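> Okay, here's the structure, questions in a sec.
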Amino acid sequence: MQRRFFNHWGMSLAAVLALVFIVVLPCLNAFMPAGSVLHVSDFTINLYGKYLCYAILAISVDLLWGYTGLLSLGQALFFSLGGYMMGMHLMRMIGDLGQYHQPIPDFLVFLGWNKLPPFWKPFASFPFALLMVFMVPGVLSAVFGYLAFRSRIRGVYFSILTQALTYAAALLFFRNSLLMGGNNGFTDFKFILGHDLRDPAAQRGLYVVTGITLLAIFLGCRWLSRTKFGLVQQAIRDRENRVLFSGYAAAHYKLFVFVLAALIASIGGMLYVPQVGIINPSEMWPDKSLEAVVWVAVGGRGTLIGPVLGAFGVNALKSWATRAYPDLWLMFLGGLFVLVTLFMPKGIVGLPGQLLALKRRYGGARRASAEAPRAAAKTAPHAEEAVETK
């Protein structure tokens, strides 16, 4: 009964959030005059668009950690790969409008190139770039996951291995010889599908697309978690050995979820790049993956609305703290994680349940203490009679 109530509460909250973020905010941005109290600025739309991308990344982490028990510390790698694939297309769309007025990206001119490397040429096509958004993270996650799960690597060893993978990839992308922009990565984007990225209408359109994509991923993951596959997935999280003894190939299930989570993270990265305007190797640094884990822990892992709330809440706190107390942000983040781990193991989403349990416990203890004297008074005469009989 209680679980059904919280499922209903979660879906109602998701519906309200979807209405506000996908319909109301863009309308207030587009149709309300700039001087109105109800007007939503272009900056806010752009900022919330970034948060929506982070929410997609958080759902990918939760799908692995909250539903399958696999704590991956490398999801930022797949997020960044999706961003890089879209970034390559956006760099090709700059044409000769760069600083050097050459038909190749500025960083290639700076490195001494006078023509486009062969592997850059197909990225002039948007469908090809879109295909690579799925292919590159998908193939990498499939190969890595196959080797890891085939070797029965799990627990903390799996976490360390995924962290090492993203760290190695970040070091690789920092190298100029990879021809992917080196330290600076890709920036100065100008057009996407013929639309000027500096136009507020284009940014608003990207924001709406991101919101709809997040909603579709949310509903898709919710459906998956309620199928037989989802039940096996959660059984692997709780008792993997029992799943193995029942005849299920747990490694195959984990591999599928790992690849699916990589693709979801990659979609988030693809939508992130045109809205933020930059992608560089620092986005795949291990601390980015750790931040995503904190979003999920704060929001409530093992739920789907929790990671969305966590991504918005923690990043809003980060935006404020890095302005007000820039040197203390990491201490805030660490303290928040410790606080949630010790006192809110189910995160923000589980807080109403925790409060209800405390209320029941407190009410039960108070009723028991109130009934104790009455029970003692009832048993006292019988005790006296027993003594007199003896």
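The values are calculated or read from the model by the stated rules, or taken from the named source; none is laboratory data. The shown structure was predicted, so the numbers you read here are calculated from the model rather than taken from an experiment. As a convention, Cβ positions derive from the backbone with ideal geometry for all residues, glycine included, and neighbour counts pool all protein chains shown. In case anyone asks, the SASA skips ligands and DNA or RNA and just uses the protein heavy atoms, side chains included. Shrake-Rupley method; radii C 1.70, N 1.55, O 1.52, S 1.80 Å.
> What does the C-alpha gyration tensor say about the overall shape of region 87-241? Classify as rounded when a/c is under 1.5, otherwise prolate if a/b is larger than b/c, or oblate.
oblate
> Keeping every protein chain in place, order PHE337, PHE107 by accessible area at 1.4 Å, biggest value first, i.e. largest first.
Greatest to least solvent exposure: PHE337, PHE107.
> Keeping all protein chains in place and using 1.4 angstrom, which order do TYR67, TYR248 fall into by accessible surface area, from largest down?
The ordering from most to least exposed comes out as TYR248, TYR67.
> Sticking with this one: At 1.4 Å probe size, with every protein chain present, just tell me what the per residue accessible area of region 193-331 comes to in Å².
45
> Additional query: Over the chain, calculate the relative contact order: mean separation of alpha carbon pairs under 8 Å at least 6 apart, over the residue count, as a percent.
Working: 499 pairs, mean separation 109.5, N = 390.
Rounded, it is 28 percent for the chain.
> Here's something else I'd like to know. Of the cross-linked pairs LYS190/LYS288; LYS50/LYS190; LYS228/LYS288; LYS254/LYS318; LYS121/LYS190, which ones have a Cα-Cα span greater than 22 Å in the structure shown?
Numbers: LYS190/LYS288 26 Å; LYS50/LYS190 18 Å; LYS228/LYS288 33 Å; LYS254/LYS318 33 Å; LYS121/LYS190 18 Å.
Where the Cα-Cα span goes over 22 Å, the pairs concerned are LYS190/LYS288; LYS228/LYS288; LYS254/LYS318.
> Identify which of LYS318, LYS228, LYS346 has the largest mean-square fluctuation in a Gaussian network model of the chain, with springs joining Cα atoms closer than 10 Å.
Largest GNM mean-square fluctuation: LYS228.
> So which trypsin sites (Lys or Arg not before Pro) in region 96-172 pass both tests, a DSSP loop state and at most 16 other Cβ atoms within 10 Å of the Cβ?
LYS115, ARG152
> Quick one: with all protein chains in place, what share of the accessible area of the chain is carbon or sulfur, to the nearest percent (1.4 Å probe)?
Looking at the chain in its full context, I get 66 percent from C and S.
> Determine how large the accessible area of TRP65 is when every protein chain is in place; take a 1.4 Å probe and give Å² rounded to the nearest 10.
Solvent-accessible area, nearest 10 Å²: 40 Å².
> Accessible area per residue for region 92-135 in Å², computed with a 1.4 Å probe and the full protein assembly in place, what is it?
Per-residue value: 63 Å².
> Treating only the Cβ atoms of Lys and Arg (+1) and Asp and Glu (-1) as charged, compute the dipole magnitude of the chain about its Cα centre; round to the nearest 20 debye.
1220
> Helix by helix, which DSSP H runs in the chain go 18 Å or more along their axis at the Cα atoms and have an average Kyte-Doolittle hydropathy of -0.5 or more?
Helices passing the filter in the chain: 2-18, 42-68, 75-94, 126-150, 156-173, 200-225, 250-276, 286-299, 305-324, 329-343, 347-389.
> While we're on this one: Measure off 7 Å from each Cα along the Cα-to-Cβ vector at MET331 and ASP196, then give the distance between these two points in nanometres to one decimal.
The answer from the label model is 4.6 nm.
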